[in-house]
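A short worksheet on the structure shown next.
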Amino acid sequence: MTTTATRPPATTTPETPRERRAHRQRSGPAYVFLSPWILGVVLLTLAPMAVSLYLSFTDYDLFDPPKWVGLRNYSDMFTADPRYWRSVGTTLLYVVVAVPLKLALALGVALLLRGTRRAKGFYRSAFYAPSLLGASMSIALVWRALYNDGGTVDELLSSVGIHTGGWVSDPHLAVFVVALLSAWQFGAPMVIFLAGLQQIPADLYEAAALDGAGPWRRFVSVTLPMLSPVVFFNLVLETIQSFQVFTPAYAISGGNGGPADSTEFYTLYLYERGFSASHMGYASAMAWVLLLAIGAVTLILFRTSRSWVFYANEGA
């Protein structure tokens, strides 16, 4: 019969007052350096969020004191405002079109640049340059001119017998102008895809090639599974950003969501209700619904990622 020695339970000696004072003295400088960030979070993020949450339950027109109305803003939003639901539909259409298109372009260009040997830095900088411009008003106005009636795109299509009369003025095509502008600025996800592609071991491609796998099969069976965490990361970021699109929609629609409310995105309608119509309480309620919707979509993406995102160290 063998016996095993048991280790006595570890005991912790309570800190003495002197040790507690020394600990506070050591942590004091850390709080001093963190204080600008803490003040910024409290004053510029948490406090405005709390005020916005309160205003969402009030009738506030920016001039008179807010009046408590309870859930009336939320009930009017869901039951008595058809323009609200049109803005929701337009935003969902934009997200469904813009996000996959942008990620597909970013991944396609990243695959091309991975095999580039000459002038690699130039090509990467050139494809990334549009993202440096950001969602500025000037770029959106240039984009509007390109797709307007008589613009460059309209003339090119007319030269091959396709007469659209300008995408901006067409209610069926205007939302795709904004989506194409977003897809054109694919530099940020492209750089992330490039970093992910460089982490895929070359011997995986060699083994697949020895098994007779062609380029498409290697892409489906090797590249996509190994790159799935990066795809998931880009998908979450781009989805969150797409729900908040504002500047391109404002510039391309002329600030009124036209034509026929076809570019009345959620944030554009929120801005209109809050600042043009002075219904800040209603706009605050819209903002909180948007926050909850983005949180719900992000949660769904995380839950569904378990079935298609694969990590290299799984099972190790």
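Where a number appears in this text, it was derived from the coordinates with a stated rule and is not lab data. Since the structure is predicted, the reported quantities are computational estimates derived from the model, not experimental observations. All Cβ positions, glycine included, derive from the backbone under ideal geometry; neighbour counts span all protein chains shown.
If we sort 177-190, 75-88, 28-41 on the protection proxy, mean other Cβ atoms within 10 Å, highest first, what's the order?
Values: 177-190: 22.2, 75-88: 14.6, 28-41: 9.7.
The packing order, highest mean first, is 177-190, 75-88, 28-41.
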Q. Counting Lys and Arg as +1 and Asp and Glu as -1, what is the net charge of the other residues whose Cβ lies under 13 Å from the Cβ of PHE232?
A. +1
(Q) Is there a quick way to get the dipole size of segment 211-316? I mean about its Cα centre, with the Cβ of Lys and Arg at +1 and of Asp and Glu at -1; what is the value in debye to the nearest 20? (A) 260 debye
Q.
Checking the a/c ratio against 1.5 first, then a/b against b/c, what shape does the Cα gyration tensor give for segment 62-201?
A. oblate
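If you take the beta carbon distance between LEU71 and LEU34 as r and set R0 to 45 Å, what does 1/(1 + (r/R0)^6) give as a FRET efficiency, to the nearest 0.05? Don't skip to the answer; put the middle values down first.
On the way: r = 38 Å, r/R0 = 0.85.
FRET efficiency, LEU71 to LEU34: 0.75.
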Q) Mind listing the phi-derived Karplus ³J(HN,Hα) values for segment 244-249, rounded to whole Hz, using 6.51, -1.76 and 1.60 with θ = phi - 60°, and x for any glycine or proline? A) 9, 4, 9, 4, x, 5
Q) When ranked by the protection proxy of mean other Cβ atoms within 10 Å per residue, highest first, what sequence do the peptides 261-270, 201-210 form? A) 261-270, 201-210
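Can you tally the net charge around ASN148? Count Lys and Arg as +1, Asp and Glu as -1, for every other residue whose Cβ sits under 12 Å from the Cβ of ASN148. List each step's numbers first, then the result.
Working: positive: ARG144; negative: ASP149, ASP154, GLU155, ASP170.
After counting each charged neighbour, the total is -3.
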Q: Calculate the dipole size of the chain relative to its Cα centre from +1 charges on Lys and Arg beta carbons and -1 charges on Asp and Glu beta carbons; express the result in debye to the nearest 20.
A: 1420 debye
Q) In the chain, which whole DSSP H runs stretch at least 20 Å along their own axis (Cα) and average 0.0 or higher on the Kyte-Doolittle scale? A) 82-114, 120-133, 224-243, 280-304
Q: Starting from the amide H of ASP59, placed 1.01 Å from N in the peptide plane, find each other amide H under 5 Å away whose residue is 5 or more places distant or on another chain.
A: LYS67, TRP68, VAL69
Q: Answer with one residue from LEU103, VAL178, ALA119: the one whose Cα lies farthest towards the positive end of the charge dipole of segment 69-186, charges on Cβ with Lys, Arg +1 and Asp, Glu -1.
A: ALA119
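Can you give me the Kirkwood hydrodynamic radius for segment 216-311, using every pair of distinct Cα atoms, in Å to one decimal?
Numbers: mean 1/r = 0.0639 Å⁻¹.
Value: 15.7 Å, from the Cα pair sum.
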